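First the structure, which I've put down as C-alpha cells, then a few questions once you've had a look.
The values are calculated or read from the model by the stated rules, or taken from the named source; none is laboratory data. Since the model is a prediction, treat every value here as computed from it, not as a measurement. All Cβ positions, glycine included, derive from the backbone under ideal geometry; neighbour counts span all protein chains shown. Surface accessibility is based on the protein's heavy atoms, side chains included, excluding ligands, DNA and RNA. Shrake-Rupley method; radii C 1.70, N 1.55, O 1.52, S 1.80 Å.
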Amino acid sequence: MSFAFQQCLHPDCRSTFDVGQILTSCPTCGSLLDVNYDWNAIPVPARLADFEKRWSNRLNPVDYSGVWRFRELLRFATDEQIVTIGEGQTILQRNDLLARQCRMQPGTLFLQYEGQNPSGSFKDNGMTAASTHARMVGATMTACASTGNTSASLAIYAGVTGLFRCIVFIGSGKIAFGKLSQALDYGAKTIQIRGDFDDALARVRQLCEKHPIYLCNSVNPFRLEGQKTIMYRVLEGLGWQVPDWIVVPGGNLGNSSAFGKAFLELKMLGLIDRIPRLAIINAQGAATLDDFWNEQGLRWNEGRPDHDVMTARFHRMDQQNERASTLASAIEINRPVNLVKALRALQACDGIVRRVTDQEIIDCRARIAATGFGCEPASGATVAGVLRLREEGVISASDRVVCILTGHQLKDPDLTMAYHSGDAVLMGKKLTPAGVTQTPFANPPIVVDNSEAAIVSALGLN
Ligand SMILES: *Cc1c(COP(=O)(O)O)cnc(C)c1O
Ligand SMILES: [Zn+2]
C-alpha cells in the first residue's frame, strides 16, 4: 500500500494519479504535478530532532543517505525500493569572513555545500528520488536534458547502480568540461544537439513520450521530493532553528520549488513554527523569473497565475529569438520549467527575486572560494544576491542567512583559471563576451626563472 499520490497543481483540476504512473504533467489539464501524501497514515516523528538518531546507524544505506534519513517526509517508496549511493552528506558551514564582507554580524552567514554530493552538485538529492521512482515503475532506460550537472548526476546513478541505461542530451553551448567529462566517464550515452538547454529539453520530452524512456528532468515531481531534504539538513545544521533567509540561484527553479514545498509541509505538520524568507537570484542574462516577478507583477494567485503574461513573454522570446546567456551556465535557462511551483514557493516564503550581473557572480564565486570550500559560478549568485540585498537594506546585519552552494568548485575549472590568470585567450573565450571587464579577486600564478634569487625576489623576501 502506498502513502503517496501524484496530484495536479491547478486548483480547478487537482486530479490525482497513482505513484506507479509515469507522468511529467497532468494528463487532464497539462499543469505541473506534485507528489502529495496521506500524512495521517505516515508515522512522521514528533520532532525534527528525532531524525538525528539515524546518524548512529550509518551501516544502513537508507539511514546513511542525507536524503532518505528523512524518508517519512518523502514516503513514496518502501525502504527496499530506494536507490541510494550515499548522497546528501553535505555540510552547513558558518562563514564569518564572508559575513564581514557582507557587513553582517559574526555567526549570521552560513553556506550549505551541496557540491559535496557524489557527483558534485545538489542534483543528486533529486536524482536518488527519481532513480527510486524509475526502479519502482520498472524503467530500464533513463534520460535527461542538461546544462551539465543533471547529466552528471543521472549518469552516476545509472553507472553505479547498473539499474538503467542512460542517455543525456546537452546543448552545444557552454557546458563546463568538469560536468561533461563526468557523463562520459560514468558511461552515459551523450547526445550533443545543435541548440541550447531549452531546445534539448523540448527534444528529450518528445522522445520520452514516444519511447519507453524515463525522464529525469525537474518536471519529474519525484526529483523535487528529494531536493526538499536540502532544507532539512540546513535546519539540522542550525540545531533545528529556522533561519531568516534562504538564498538560492534560480535556473529551472526546481530547488526553489522544492524548498517552498518542504517548508509548507513542515509547517503544516507542526515541525516548524515559522517559514524562512526565500531569495531567488537570477543571472542578468537569464532573468525570466526576475522579469515576471519584479517587472510584470506575476504572482501565484492561489494557483491561478496570469497565463497571458507568461504566454506573451515566451512568445516575444521566440519571436525575437531571445536566448539566455550567462557565464553561470547552470542557470542559463530561457523558460524555467518549474516557474509556477516557484511562484507558490515565493508566496509561501514571503520571497523576493533579484538579478545579478556575471561580473558580480564570478567575483563572488572567487570570494567564496577564498574563504571556504568553493563552488561553481551559478552558486556565486547567492552571495552576490546577499551583497545586493544588504545594500538595499532588505537583509539586515543580524539576519541569519543561508546560501545554497549548488555545485562544486571543480566543475568549471576553465572559468576559474580564466579569472585568476587573466589569460587573454581564456578571457576572450570565457569572460569578455558577457561584459565582464575586471578580475578584482584574481590570484594569478607568478612565473619566475628557476633560480633562488628570482624566487626570493618574487616572494618579496629580499
Ligand atoms: C541545476 C543547477 C542550478 C539551478 O537549479 P534549479 O533548480 O534548476 O533552479 C544552480 N546551480 C547549479 C550548480 C546547478 O547544477
Ligand atoms: Zn490538472
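For the list (1) open to solvent by 20 Å² or more (accessible area, probe 1.4 Å); (2) in contact with a Phe, Trp or Tyr (Cβ under 6 Å, 6 or more places away or on another chain); (3) within 13 Å of ligand 2 (Cβ to nearest atom); (4) not aromatic (F, W, Y), I need the number of the one condition that L92 fails.
Among (1) open to solvent by 20 Å² or more (accessible area, probe 1.4 Å); (2) in contact with a Phe, Trp or Tyr (Cβ under 6 Å, 6 or more places away or on another chain); (3) within 13 Å of ligand 2 (Cβ to nearest atom); (4) not aromatic (F, W, Y), the lone unmet condition for L92 is (3).
On to the next question. Restricting attention to the stretch 341-382, which residues are closer than 17 Å to L253 by Cα and of a type in the set (V, I, T)? Can you show your working first?
First, the residues of the stretch 341-382 that are closer than 17 Å to L253 by Cα: 341-356, 377-382.
Result: I352, V353, V356, T382.
Can you pull out every residue in the stretch 4-37 that is open to solvent by 50 Å² or more (accessible area, probe 1.4 Å) and either aliphatic (A, V, I, L, M) or within 24 Å of G138 (Cβ to Cβ) (or both)?
The answer is F5, T16, D18, Q21, I22, P27.
For the stretch 193-219, how many residues are in contact with a Ser or Thr (Cβ under 6 Å, 6 or more places away or on another chain) and of a type outside the set (S, T, Y)?
The first filter runs over the stretch 193-219 and keeps only residues in contact with a Ser or Thr (Cβ under 6 Å, 6 or more places away or on another chain), leaving 194, 197, 214-216, 219.
Next, from what is left, pick out any that are of a type outside the set (S, T, Y): 194, 197, 215-216, 219.
Of the residues in that region, 5 qualify.
Any residue at all in the stretch 376-390 that's touching an Asp or Glu at 6+ places or on another chain (Cβ under 7 Å) and closer than 16 Å to P440 by Cα?
yes
With under 22 Å from L33 (Cα atoms), away from ligand 2 (no atom under 16 Å from the Cβ), in contact with a Ser or Thr (Cβ under 9 Å, 6 or more places away or on another chain) and in contact (Cβ under 8 Å) with a residue 12 or more places away in the chain as the only criterion, which of A348, A258 stands out?
Details: A348 fails: in contact with a Ser or Thr (Cβ under 9 Å, 6 or more places away or on another chain).
Matching residue, one of A348, A258: A258.
Any idea how many residues of the stretch 244-262 are surrounded by 21 or more Cβ atoms within 10 Å (Cβ to Cβ) and away from ligand 1 (no atom under 16 Å from the Cβ)? Quick ask: steps written out before the conclusion?
So in the stretch 244-262, the residues surrounded by 21 or more Cβ atoms within 10 Å (Cβ to Cβ) come out as 245-262.
Then drop every residue that is not away from ligand 1 (no atom under 16 Å from the Cβ), which leaves 245.
So the answer is 1.
OK, next. Inside the stretch 38-50, can you point out the residues that are open to solvent by less than 30 Å² (accessible area, probe 1.4 Å) and under 24 Å from R135 (Cβ atoms)?
Once the filter is applied, which keeps residues that are open to solvent by less than 30 Å² (accessible area, probe 1.4 Å) and under 24 Å from R135 (Cβ atoms), the stretch 38-50 yields only I42.
Quick check on my filter: what residues within the stretch 221-247 are part of a loop (DSSP other than H, G, I, E, B), on the phi < 0 side of the Ramachandran plot and in contact with a Leu (Cβ under 9 Å, 6 or more places away or on another chain)? Before the answer, list the steps.
Quick first cut of the stretch 221-247, residues part of a loop (DSSP other than H, G, I, E, B) only: 228, 238-244.
Still in the list and also on the phi < 0 side of the Ramachandran plot: 228, 238, 241-244.
Matches in the stretch 221-247: K228, L238, Q241, V242, P243.
Of the conditions (1) open to solvent by 60 Å² or more (accessible area, probe 1.4 Å); (2) modelled with pLDDT under 95, A324 fails just one. Which one is it?
Result: A324 passes all but (1).
In the stretch 318-343, how many residues are touching a residue at least 12 places away in the same chain (Cβ under 8 Å), more than 10 Å from ligand 1 (Cβ to nearest atom) and not in a helix (DSSP H, G or I)? Walk me through how you get there before you give the answer.
First pass over the stretch 318-343, keeping only residues touching a residue at least 12 places away in the same chain (Cβ under 8 Å): 322-343.
Still in the list and also more than 10 Å from ligand 1 (Cβ to nearest atom): 322-327, 334-335, 339-341, 343.
Subsequent filtering for residues that are not in a helix (DSSP H, G or I) retains 322-327, 334-335.
Selection size over the stretch 318-343: 8.
Still on this structure, I have one more. From the list I352, I362, exactly one residue is crowded, with 17+ Cβ neighbours inside 10 Å and closer than 13 Å to I280 by Cα. Which is it?
Values: I362 fails: closer than 13 Å to I280 by Cα.
None of the others qualify; the one that does is I352.
Now, a different point. Among the numbered criteria (1) surrounded by fewer than 23 Cβ atoms within 10 Å (Cβ to Cβ); (2) closer than 22 Å to T150 by Cβ; (3) away from ligand 1 (no atom under 16 Å from the Cβ), which single criterion is violated by G66?
(1) is the only condition that G66 fails.
Let me ask something additional. Go through the stretch 25-45 residue by residue and tally those that are in contact (Cβ under 8 Å) with a residue 60 or more places away in the chain and farther than 16 Å from G226 by Cα.
Residues in the stretch 25-45 being in contact (Cβ under 8 Å) with a residue 60 or more places away in the chain and farther than 16 Å from G226 by Cα: 5 in total.
Conditions (1) touching a residue at least 60 places away in the same chain (Cβ under 8 Å); (2) of a type in the set (D, E), marked per residue:
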{"position": "A384", "(1), (2)": "yes, no"}
{"position": "L387", "(1), (2)": "yes, no"}
{"position": "E392", "(1), (2)": "no, yes"}
{"position": "A397", "(1), (2)": "yes, no"}
{"position": "C403", "(1), (2)": "yes, no"}
{"position": "T406", "(1), (2)": "yes, no"}
{"position": "D412", "(1), (2)": "yes, yes"}
{"position": "M417", "(1), (2)": "no, no"}
{"position": "S421", "(1), (2)": "no, no"}
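For the stretch 299-316, which residues satisfy the criterion of being open to solvent by 90 Å² or more (accessible area, probe 1.4 Å) and not charged (D, E, K, R)?
N301, H307, H315, listed by residue number.
Also: Hey, among the residues in the stretch 132-149 that are open to solvent by less than 10 Å² (accessible area, probe 1.4 Å) and out of contact with any Ser or Thr (no Cβ under 7 Å at 6 or more places or on another chain), which one's nearest to N255 (Cα to Cα)? Give the steps one after another, and end with the answer.
Restricting attention to the stretch 132-149, the residues satisfying the condition of being open to solvent by less than 10 Å² (accessible area, probe 1.4 Å) are 132-134, 142-146, 148-149.
This time we only want the ones that are out of contact with any Ser or Thr (no Cβ under 7 Å at 6 or more places or on another chain), so: 132-133, 142-143, 145-146.
Details: T132: 19, H133: 19, T142: 21, A143: 20, A145: 17, S146: 15 Å.
Looking at residues that are open to solvent by less than 10 Å² (accessible area, probe 1.4 Å) and out of contact with any Ser or Thr (no Cβ under 7 Å at 6 or more places or on another chain), I get S146.
If you don't mind, there's one more thing I want to ask. State all residues of the stretch 177-204 that are surrounded by 18 or more Cβ atoms within 10 Å (Cβ to Cβ), part of a helix (DSSP H, G or I) and not small (G, A, S); if no residue qualifies, say none.
K179, L180, Q182, F197, D198, D199, L201, V204
Are there any helices (runs of 4 or more DSSP H) wholly within the stretch 70-176 with 1 or more residues that are modelled with pLDDT of 95 or more and among the β-branched types (V, I, T), and if so which? Walk me through it before giving the result.
Working: elements: 96-101, 123-136, 149-161.
Here the list reads 123-136, 149-161.
Related question: Of the residues that sit in the stretch 387-421 and are open to solvent by less than 40 Å² (accessible area, probe 1.4 Å) and in a loop (DSSP other than H, G, I, E, B), which one is modelled with the lowest pLDDT?
Here the answer is D412.
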